[in-house]
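Structure, as structure tokens:
The values are calculated or read from the model by the stated rules, or taken from the named source; none is laboratory data. Keep in mind that this is a model prediction, so the values were computed, not measured. Neighbour counts run over all protein chains shown; Cβ positions are idealised from the backbone, glycine included. SASA here: full protein model, heavy atoms, side chains in, ligands and nucleic acids out. Shrake-Rupley method; radii C 1.70, N 1.55, O 1.52, S 1.80 Å.
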Amino acid sequence: MAELIKVIINGQDFQVEKGARLIDACRENGYSIASFCYYADLALQASCRMCLVRIEKMPKLQTSCTITCTDGMVVTTESEEIEKARRGMVEFLLANHPLDCPVCDRGGECELQEMVFDWGDLEERFTERKNYAPEKFLSPVVANDSQRCILCKRCTRVCDEWMGEDAIEAGGRGAHTVIGTYGGWLNCSQCGNCIEVCPTGTLLDATYRHQTRPWELSRTTSTCSFCSDGCQLSVGSRRGEVMRVVARDRYVNGHNGEFLCIKGRFAHPFVNHEERLRTPLVRYKKGGRLVPTTWEEAVRFAAQKLQEVKDAHGGSAIGVVGSPRLTNESNWALLRFARDVLGTDKYTASEAFSLAPFFENLSAPLATHKDIRHAKTIVLIGGEPEELQPLTGKQVRQAVRNGGAKLVIFNSVPIRLKEQAAQFVHIRPGSEDAVVLALASPGDAEVAASKLGVEADEIGKASQIISETAGDVVLMFGGELSAEAQSVVAQLPAAFGEKEGRRFLLHPLPLFNNSVGVHDLGLMNGALNPLEILDAAGSEVRALYVAGGFLPAHLEGREGALSRLDFLAVQELFLTETAEAADVIFPAASFAETDGTFTNSDGLVQRVRQSIPPVHQSKPDWAITSQLASALGTDLGFQMSSSNIFLDIAHGVPAYEGLRYPLLKDESKPVQVKHALAGRRDVTAQLAELRRALESLDENAEKITETPPVGHELFKLGVLTSKVPQFHLLAAGNPEPESVLVSPLYQITLDPGLRREAAAGD
Amino acid sequence: MSIITEVIENTRAIIKGMMTTVSYIPREKWTVQYPDEPVTLQPRFRGQHLLHVDELGREKCVACYLCAAACPSDCIYIVAADDPRPAEERTGVDERYAKVYNIDYGRCIFCGFCVEACPKDAITHGYNFELSVYSRADLLKTKDDLLITKQKQSPNYRVAFSDEDVDSEYKEV
């Protein structure tokens, strides 16, 4: 508990924490103070002058957003003088504001509108001409109307401090200052956080432009379905159509604050895309056509075929593949289906890499994103969070910039985050395992260093930073690590030993929204992994039941695998590569149409809520599985309710014990699952394996010296992101259109040659 | 009383009544002979809505949804859209226009809140009161029915001049 000091606000005594900002102290104690430019956790600006207060013994009115409370401070927040000052400020803010609220997309949730209601005058006294500037586009996803700007500079601060990109800046002087970009076109990661924090209609979402009004939307708090950060967002829908996704404070208060990345914010149009599967499809004969049919017929046919395979080859000839994209409930239903209905151990999830060895040897708690923000040392081995887990990237950047943390990066690629690093160890490609070995056993550090292509003392220096830390140490690792290396990383805290005041936290960087969830449920502990299942297709595995598709990386080089199966049932949103080979396709519901939970990389279980009814004839994945189970003669007992399945999970999975939907109701207080912590384990076998692998490393391999371009992973076209036209423009290198006055979508024809090939899943 | 007296009494009563009726026939009539004669409406009469256009024929509505928000009976449905064409070719006066603008006259209570809410003077109450239809679905009027350029003047009414006294209810007859 911090020290308390006394502050007198409007004649009343209050105890506030020492070092608290005056504006926060006033607001917490019930005195509302108007402000535009103040934004917690960003650098101070004090340009809007709305938060003026009178402080005794100070000569003029003071901006409360820049004043730190001191003991015995006497503050007046409401008086005639202050009201006059605020009214004057609003008048000045409106001097150049066009007041075109009827066409402005921010109308209805505009902070300036609200402020003018409170502090504005009915009449405008200025008769001078207002600065005129046409509305324009800064990128395919950001629209800009510079005359609406009140120069609070929240956007420039967010761009700099959160994203580290400095893509948007204020230019010009005095009344002619405008927010703009370098060269007039935004070449950044297109996160859209500048849009989110803008208190006026200056920066607007170009995908939601002129679509509807905020009060027309029904808002549902949900969880993002792209990366493993699990950002909380508010889905705005109207008449069964998802119109937009925001994370604005007034609607949702998740662990991500107002942060979202391009995928979370702009990639939602896949939900109502016209290519969504409309009805169940059945291929009655191998090599035949897919025929649209009814649910009853499709389920009957699938059940009959699965029964035939089961009778002929036994239940273990049927494989069940879940997906780290689906909810815990859907994956649990699949697992129950595999175990209880088919009696097979050939279940898995179409995951890029398994975290099983990591969780098995887990010796320290998982770091939440809040922990990362306040960590003192962050070690990143492999991975590229600013592209693959943008919120983690932002938290790391803020921990360094605003929290003074030390960042140590081991990476074969000079990723953008290295700008923030205290130490960047540039290793040879594919040698991430050697880093783990060198950190875990200092005796091997010298040999490893020569293989890594770094100076011998660099690893020593990194180890020293970790050992000397007073506070939290967060160890992060990407998907490059082998299973052995994962086990060793999970045991690294033990290798460094106990120290007073130091706490180790681990943070995996998986790729998908429910990667940790599929692991927790045990879906990854099946007999075969996705690649082995595909390899066994046609021999050990005669039939497959797949929810979601295989990743393109899985199918590469195994194109014929799916056609070797006797029977393939797929539940999908779109006709993907996996679905095209299927004998039965069930149209599944997307994240916006189902209830459920995702478990993010912090181990936080967060709710996904249904915001629109399932489009066309689609059904939630767990409902399809349950229906199929009934057709095969087993009732899984879900009673068509996702909360029932979650109850079943809570009973069946030790880490989820005691969790219920009502406990997950408040998104501002997320619940972390209780992963079992292993004590100190003997990892000599794994270390020996790592040493063996070290031998085979090429000492003369070329290092990658080029920093990858912004968005090389974010803009990649996957199954979902390719349904958003803006992503095609971005993936094609974000070309600047002829005129910035018209949306680039109307100007640039999307020619297929321009579309970059989608290599891996999105 | 004999039956003869009764017949005489009743006949006298009928003649008395009929005399009043007949005496009114030559007098001036103040019932409007609708639809043979056009009705004269007050200038501020609230009839079917009109969606206005500017001098170039572009719709004034910018689909700000304020009318729909003000509507107490929730009868206005709008779908806004983006019109990227140059100003002269646009449907509306601004880039933002109403792709769909429906008013459900089965719900409308002709309160005039929408007109009051409109920041662009794009919607006003017209004078058309002949809204009866054979099917309930026809009560839903779309932009094609509401645009001032598409509505036809009915011969059955005229609008009074502002200084014209048409309030016959209070006239001496």
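Points worth noting:
- With all protein chains in place and ligands, DNA and RNA left out, the 1.4 Å accessible area ranks A:E28, A:E111 as A:E28, A:E111, largest first.
- Long pairs among B:K120/B:K152; A:K451/A:K674; A:K370/A:K418; A:K716/B:K60; A:K370/A:K461, criterion Cα-Cα beyond 32 Å: A:K451/A:K674; A:K716/B:K60
- The convex hull around the C-alpha trace of chain B, projected and averaged over every direction, spans 16.6 square nanometres.
- Relative contact order (%) - criterion: Cα under 8 Å, at least six apart; region: segment A:153-304: 15
- Protein heavy-atom surface of segment B:15-140, 1.4 angstrom probe: 54% of the accessible area is carbon and sulfur, with nucleic acids and ligands not counted.
- In this entry, segment B:1-53 is assigned a mean projected area of 7.7 nm², taken as a quarter of its C-alpha convex hull surface.
- Kirkwood Rh, angstrom, segment A:230-353 [1 / mean 1/r, Cα pairs]: 18.1
- Prolate/oblate/rounded label for segment A:536-595 (Cα gyration tensor, a/c 1.5): prolate
- GNM remark for chain B: springs join alpha carbons under 10 Å apart, and the peak mean-square fluctuation among B:I14, B:I148, B:I76 falls on B:I14.
- Degrees between helix B:3-24 axis and first principal axis of chain B (Cα, 0 to 90, nearest 10): 40
- Inverse of mean 1/r across different Cα pairs in segment A:626-720, Kirkwood, Å: 19.9
- Relative contact order of chain A, defined on C-alpha pairs under 8 angstrom at six or more residues apart (%): 14
- Accessible surface of B:D144, taken over heavy atoms with a 1.4 Å probe and every protein chain present, rounds to 100 Å².
- Computed log₁₀ I(q)/I(0) - Debye formula, equal Cα scatterers, no solvent, segment A:101-272, q 0.10 Å⁻¹: -0.39
- Set of lysines near A:K286 by C-alpha distance (under 17 Å), chain-local residues within fewer than 8 positions excluded: A:K305
- For segment A:357-508, the percent of C-alpha pairs falling in each 10 Å distance bin, counted from 0 to the bin holding the largest distance, reads 12, 46, 37, 4.
- Peptide B:91-103 has a mean shielding of 2, counted as Cβ atoms of other protein chains within 10 Å of each residue's Cβ.
- Percent carbon-and-sulfur accessible area, segment A:357-508, ignoring ligands, DNA and RNA, probe 1.4 Å: 47
- For segment A:375-415 versus segment A:142-216, the inter-centroid distance based on Cα atoms is 25 Å.
- Sparse-neighbour loop sites [trypsin sites (Lys or Arg not before Pro); segment A:146-229; at most 15 other C-beta within 10 Å; DSSP]: A:R173
- Selected from B:K152, B:K29, B:K99 as most flexible by GNM, with chain B as the system and alpha-carbon contacts under 10 Å: B:K29
- Accessible-area ranking of A:T177, B:T31, largest first, probe 1.4 Å: B:T31, A:T177
- Mean ellipticity per residue at 222 nm, deg cm²/dmol - from DSSP H runs of n ≥ 4 across chain A, formula -39500 (n - 2.57): -7500 deg cm²/dmol
- Summing Lys and Arg as +1 and Asp and Glu as -1 over all other residues whose Cβ lies under 15 Å from the Cβ of B:V115 gives a net charge of +2.
- Listed residues A:F550, B:T11, A:L573: farthest to the positive end of the dipole of the protein assembly as shown (Cβ charges): B:T11
- Chain B against chain A buries an accessible area of about 1400 Å², both chains summed, 1.4 Å probe radius.
- Fully extended contour minus Cα-Cα distance, from B:V32 to B:M19, at 0.36 nm per residue: 2.3 nm
- Summarising the strand pairing of chain B, around 70 percent of its internal DSSP beta bridges are antiparallel.
- From the alpha carbon centroid of segment A:30-65 to that of segment A:609-631 is 51 Å.
- Equivalent ellipsoid semi-axes - Cα gyration tensor, chain A, angstrom: 46, 33, 25
- Rounded accessible area per residue of segment A:357-508, 1.4 Å, Å²: 31
- For chain B, built as a Gaussian network whose Cα springs stay under 10 Å, the top-fluctuating residue of B:A122, B:A87, B:A13: B:A13
- The heavy atoms of A:E695 offer some 130 square angstrom of accessible surface to a 1.4 angstrom probe.
- Solvent-accessible surface of protein heavy atoms, probed at 1.4 angstrom with all chains present, puts A:W119, B:W30 in the order B:W30, A:W119, largest first.
- Selected from A:V252, A:T368, A:V518, residue furthest toward positive end of dipole (chain A; charges at beta carbon): A:V252
- Restricting segment A:498-558 to trypsin sites (Lys or Arg not before Pro) in coil, as DSSP defines it, with at most 16 other Cβ within 10 Å: A:K499, A:R558
- In the calculated pair-distance distribution of segment A:4-93, the portion above 21 angstrom amounts to 25 percent of the Cα-Cα pairs.
- Within chain B, longest stretch clear of exposed GluC sites (Glu not before Pro) (DSSP loop, no more than 10 other Cβ within 10 Å): B:56-171
- Among A:529-538, A:304-313, A:225-234, the order from most to least packed when residues are scored by Cβ within 10 Å on average: A:225-234, A:529-538, A:304-313
- Mean separation of Cα pairs under 8 Å and 6 or more residues apart, divided by the residue count, gives segment A:357-508 a relative contact order of 33 percent.
- Once backbone amide H atoms are built at 1.01 Å from N, A:V671 has A:V605 as its partners under 5 Å, excluding neighbours fewer than 5 places away on the same chain.
- Rounded to the nearest 20 debye, dipole of the protein assembly as shown from Cβ charges on Lys, Arg, Asp, Glu: 760
- Using heavy atoms of the protein chains and a probe of 1.4 Å, the accessible area assigned to B:F129 is about 70 Å².
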